[in-house]
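Trainee: Here you go, one structure.
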Amino acid sequence: MKLKSLSPMVPRVSTAVVTVPPKQADSFYGSAEWQALRIACLKRDRFVCQIAMPGCTHKATIADHIVSRRNGGADTLANLRAVCRQCDNRVKEDHLGQRRGKATR
Ligand SMILES: [Zn+2]
């Protein structure tokens with residue numbers, strides 16, 4: 001009796017290397033205008049995290065757009081709030097541009 005080889009049950013997958021383009025930083029965040037706005041925001045809020053999620057006692061070091069630039073938010077003090085890194089990470093936008101956490105101001 002002649003043996004017959006069976007085809008593999010697992011489909012072949014591409015082994016091509018996928019290259020992800022590097023994340024493009026918005027050049028505005030490197031500008032002197034942004035640096036001045038950022039410092040003014042942090043000073044106005046006295047480096048106190050304005051999200052203040054339960055348990056947050058961290059120093060605010062980030063000036064966060066309340067309405068994101070992507071959604072047309074202005075680069076003005078009225079649209080900025082000081083937040084700590086931990087809270088900022090919790091409320092960042094998802095891949096659809098929606099905030100994951102609630103803003104308090
Ligand atoms: Zn915080």
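The values are calculated or read from the model by the stated rules, or taken from the named source; none is laboratory data. Predicted model only: the values in this text are computed from it and were never measured. Virtual Cβ from ideal backbone geometry, glycine too; neighbours counted across all protein chains shown.
Trainee: Considering only the stretch 13-60, state which residues are at pLDDT 75 or above and of a type in the set (Lys, Arg).
Mentor: Arg38, Lys43, Arg44, Arg46, Lys59
Trainee: Related question: How about the stretch 61-98: which of its residues are surrounded by fewer than 16 Cβ atoms within 10 Å (Cβ to Cβ), at pLDDT 95 or above and within 16 Å of the ligand (Cβ to nearest atom)?
Mentor: Within the stretch 61-98, Thr61 is the sole residue that qualifies.
Trainee: How about the stretch 73-87: which of its residues are assigned to a helix (DSSP H, G or I) and under 12 Å from Trp34 (Cα atoms)?
Mentor: Matches in the stretch 73-87: Leu77 only.
Trainee: Continuing with the same structure: What are the residues in the stretch 27-52 that are more than 16 Å from the ligand (Cβ to nearest atom) and within 18 Å of Asn89 (Cβ to Cβ), if any?
Mentor: Tyr29, Arg38
Trainee: I'm checking my understanding of the structure. Among residues of the stretch 7-54 that are of a type in the set (Lys, Arg) and either touching a residue at least 24 places away in the same chain (Cβ under 8 Å) or part of a loop (DSSP other than H, G, I, E, B) (or both), which one is surrounded by the most Cβ atoms within 10 Å (Cβ to Cβ)?
Mentor: In this case the residue turns out to be Arg38.
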